[in-house]
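Here is the structure we will look at, set down as structure tokens.
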Amino acid sequence: MLGKFWNRYTASTTTRAVRVLGTAKPSASIVNFRRSLCRISATNNEEASAKAAAANADSGAPTIFDKIIAKEIPSTIVYEDEKVLAFRDVNPQAPVHVLVIPKLRDGLTQLGKAEVRHEQILGQLLYAARLVAEKEGILDGFRVVINSGPDACQSVYHLHLHVLGGRQMKWPPG
């Protein structure tokens, strides 16, 4: 609903601005203004989704990642071993965007819930991220991101690492 509102709002705002400026084509500043509004809308949607996902985080219900592990949902697998699965993100934020997950959740819904017993799998996930980077040809520069909890906009409560690369990364992130 909010997305439709923002799309209508930004489209009408752009049209009014073009009329005021008397040009048939919107200027770069108008286009940038519209992109900023779209980013605000996307951010609000991400935050709402994260808060909704957090409400069911510890229910034990299968996540979309559990269904990908079980091959009930198709994915493009980049790396797999007995404990880890890596596959392409369906909504990539960089030319290379791969998710690395443990095959067994074992209570590890987010990094903030990690316990001493998870030390080994956490190390395996990071090493798998390195193998993915090598396989994808981005070993010279990549980023690993873990969103933990609703304030970090975690949307799936099955610990996962984002391996991002293939372009110049900026700092500070998010």
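The requirement of being open to solvent by 90 Å² or more (accessible area, probe 1.4 Å) and modelled with pLDDT of 50 or more is fulfilled nowhere in region 13-25; no residue meets it.
Could you run through region 77-90 and say how many residues are open to solvent by less than 90 Å² (accessible area, probe 1.4 Å) and in contact with a Lys or Arg (Cβ under 8 Å, 6 or more places away or on another chain)?
Of all residues in region 77-90, those open to solvent by less than 90 Å² (accessible area, probe 1.4 Å) come to 77-81, 83-87, 89.
Then keep just the ones that are in contact with a Lys or Arg (Cβ under 8 Å, 6 or more places away or on another chain); that gives 78-79, 83-85.
Number of matching residues: 5.
If you check Q93 against the conditions, is it open to solvent by 50 Å² or more (accessible area, probe 1.4 Å), under 17 Å from the mean Cα position of the chain (by Cα) and at pLDDT 95 or above? Judged against the criteria, Q93 is a match. L122 meets all of the listed conditions (1) touching a strand residue (DSSP E or B) at 6+ places or on another chain (Cβ under 6 Å); (2) aliphatic (A, V, I, L, M); (3) surrounded by 14 or more Cβ atoms within 10 Å (Cβ to Cβ) but one, namely (1). For R105, the criteria (1) more than 15 Å from Y79 (Cα to Cα); (2) crowded, with 16+ Cβ neighbours inside 10 Å; (3) at pLDDT 95 or above hold in every case but one, which is (3). Taking each residue of region 115-131 that is within 22 Å of F87 (Cβ to Cβ) and free of Cβ contacts under 8 Å to residues at least 60 places away in the same chain and looking for partners that are open to solvent by 60 Å² or more (accessible area, probe 1.4 Å) and assigned to a helix (DSSP H, G or I) with beta-carbon atoms closer than 9 Å, six or more apart or interchain, yields L122/L111. For E47, the stated conditions do not hold, so it cannot be described as among the acidic types (D, E), modelled with pLDDT of 95 or more and surrounded by 13 or more Cβ atoms within 10 Å (Cβ to Cβ).
Pairs meeting the criteria (first residue in region 157-174 and more than 28 Å from I68 (Cα to Cα), second residue among the aliphatic types (A, V, I, L, M), beta carbons under 9 Å, at least 6 apart or on different chains) are M169/A94; P173/V145. From the list A53, A57, the one residue that fits, being within 16 Å of Q110 (Cβ to Cβ), open to solvent by less than 70 Å² (accessible area, probe 1.4 Å) and in a loop (DSSP other than H, G, I, E, B), is A57.
The values are calculated or read from the model by the stated rules, or taken from the named source; none is laboratory data. The shown structure was predicted, so the numbers you read here are calculated from the model rather than taken from an experiment. Using ideal geometry, Cβ is built from the backbone for each residue, glycine included, and neighbour counts are taken over all protein chains shown. Just so you know, the surface numbers come from the protein's heavy atoms only, side chains and all, with ligands and any DNA or RNA stripped out. Shrake-Rupley method; radii C 1.70, N 1.55, O 1.52, S 1.80 Å.
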